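The values are calculated or read from the model by the stated rules, or taken from the named source; none is laboratory data. Since the structure is predicted, the reported quantities are computational estimates derived from the model, not experimental observations. Here the Cβ is made from the backbone with ideal geometry for all residues, glycine too, and neighbour counts use every protein chain on show.
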Amino acid sequence: MADLPVRHFPGRDGTRLAYRESGTGRPFVLLHGFFSSGTQNWVRSGFSAALAERGHRLIMPDLRAHGDSAAPRDAARYPPDVLTDDAFALIEHLELTDYDLGGYSLGARTVVRMLVRGAVPGRAVIAGQGLREVTGHGGTVARYLRHVFGHLGTFEPGSAEWKAEQWLISTGGDPRALLHVLDSVVDTSAGTLTGIRVPALVVVGADDDRDGSADALARALPDGTHAVVPGNHTTAITAPELAETVAGFLADQ
C-alpha cells in the first residue's frame, strides 16, 4: 500500500508539523495514538480507505514528536496541552468550520481536551479510551512507557518491554522527545465533561482493558454512545468493524 504524500503546517509556536489527506467530502480530522503516526494508525490499518469510500475527507496529522512531524528535544517545546494546541492549529490552517473529529488512545484523549476547550465538530469519535484514562486515574500505561524509555537495551527478548522497544525502533521514535509528550498531557476533570454537547461515540475493543472505563465515559457525556468492536487496544484499530461502526455513527448526523 502506497503511503499518502505528506503536507506540513505550523504549530502555534512555529513547530513544523505534518499531516496527510485521503478522500473527498465532509472533513474528518483523525488523531493517532502514542508513538504511532497518522499513516500507521489510519492508513495502513485500512481505516482511512474505508471511510474515504463512504464520502469522507480524512485529515490525519502526525502528532508532535511522531511520524514526519518535528521532534524537538527541548522540554520548553512541550507545554501543557500542546497536542491540543497543535490540533487547533491544523483546523485553523485548513480553515475548517464544519467537520468531524476523532482519535485513538492518546489521540482520543486529545479529542476530549479539544471538546472541553471549545471545539465544536459535528460529531466526535473517542476510540480506545475511557473515563479512568481521560481523568488521569489510569496512569499505569504512562508509568510503563516511562519505564521502557528509561531502560532501553536492558529487556529480555520476547518480553512485553522488549516488544515495546522494538516498536519504538521501528517507528524511529525519539524517546527523549516522547517523554516530553507524556509530560505535556493534561487530565480532564469529570465535571467538565458535562459541558460537552457534541454527540460522541466512545468505542473500544472487546479485549481492551479500557472497556468498562469506556462505557463510564460514554455515560458521563451528555450525548455519549458506547460501542464495542473486536480486538484489544493494539488490534481493534485494524478491525473492519471499527470503520463500520464509526461510519454508521457519522452518517446519523
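Of note:
- Contact map, the range 69-93: residues that are among the polar types (S, T, N, Q) paired with residues that are surrounded by 18 or more Cβ atoms within 10 Å (Cβ to Cβ), Cβ distance under 6 Å, separation 6+ or inter-chain. Pairs shown: SER69/LEU17; SER69/ALA18; SER69/ASP62; THR84/THR110; THR84/ARG113; THR84/MET114.
- Residue check: ARG210 meets all listed conditions (1) under 22 Å from THR39 (Cα atoms); (2) surrounded by 15 or more Cβ atoms within 10 Å (Cβ to Cβ) but one, namely (1).
- Listed by position, the strands (runs of 3 or more DSSP E) contained in the range 1-76 that have at least 1 residues being among the charged types (D, E, K, R), modelled with pLDDT of 95 or more and in contact with a helix residue (DSSP H, G or I) (Cβ under 6 Å, 6 or more places away or on another chain) are 16-22, 56-62.
- Selection within the range 113-137 - crowded, with 17+ Cβ neighbours inside 10 Å and of a type in the set (Gly, Ala, Ser): ALA119, ALA124, ALA127, GLY128, GLY130
- The range 82-110: number of residues that are outside any helix (DSSP H, G or I) and either of a type in the set (A, V, I, L, M) or closer than 18 Å to PRO199 by Cα (or both): 10
- Being polar (S, T, N, Q) and modelled with pLDDT of 95 or more is a description that does not apply to THR154.
- Wholly enclosed helices (runs of 4 or more DSSP H) of the range 176-253 bearing at least 1 residues under 21 Å from ASN41 (Cβ atoms) and touching a residue at least 60 places away in the same chain (Cβ under 8 Å): 211-220, 240-251
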